[in-house]
Amino acid sequence: MKICHVCGFSCEDKDELCPICGAELLVNEETEQDAVSEEEVNITIEKPCLAASVSDPVIAEIFCDKLKDNGILFTYDEPDLSASMHMGFGGFYAEINVYVSEDDLDKAKEIFEELENEEPAFEDDFEEEI
């Protein structure tokens with residue numbers, strides 16, 4: 001079985017996308033390498049501040065990727081499933097709190113605001129030919 005790195009759902013080995021959140025499932029070797037590299041690196045964020053509370057795990061992952069791309073160190077809380085849960089398409093989601101250093105807070109909030117305001121870009125593949 002594959003475990004979705006976004007929502008934690010146990011997926012079938014044959015699945016390439018998570019049936020719950022649609023995230024691309026990593027090959028077990030990639031997942032193990034990520035786990036080892038995360039364990040080896042122990043980062044401390046001085047004066048952590050809440051940058052965003054995100055209810056969608058896919059948006060949370062995109063936000064974290066954008067923080068990485070901008071060189072901003074971050075951490076996040078594992079969702080507490082007993083706390084405020086939200087029902088969305090395909091399942092339930094809990095708030096994911098993303099924290100950054102006090103020094104990076106303004107930039108992180110700016111990145112999150114841009115992410116919220118982005119218009120989804122759809123390829124021309126969806127247009128029907130008449």
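The values are calculated or read from the model by the stated rules, or taken from the named source; none is laboratory data. Given the structure is predicted, the values throughout are model-derived calculations rather than measurements. Heads up, the Cβs are rebuilt from the backbone with ideal geometry, glycines too, and the neighbour counts pull from every protein chain shown.
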Check: In the range 44-115, which strands (runs of 3 or more DSSP E) lie fully inside it and hold 1 or more residues that are at pLDDT 85 or above?
Finding: 48-54, 74-76, 96-101
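Residue-by-condition table, conditions (1) at pLDDT below 80; (2) over 30 Å from Asp103 (Cβ atoms); (3) of a type in the set (D, E, K, R):
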site	(1), (2), (3)
Ile3	no, yes, no
Lys14	no, yes, yes
Glu32	yes, yes, yes
Ala35	yes, no, no
Notebook entry, point to check: Quick check: anything in the range 20-28 on the phi < 0 side of the Ramachandran plot, assigned to a loop (DSSP other than H, G, I, E, B), at pLDDT 75 or above and exposed (fewer than 15 other Cβ atoms within 10 Å of the Cβ)?
Noted result: no
Check: Do any residues in the range 96-115 that are under 25 Å from Gly8 (Cα atoms) and assigned by TED's automatic domain parsing to the domain that holds Asn70 have Cβ atoms under 7 Å from those of residues that are modelled with pLDDT under 95 and among the polar types (S, T, N, Q), where the two are at least six apart or on different chains, and which pairs are they?
Finding: Asn97/Ser53; Tyr99/Thr75
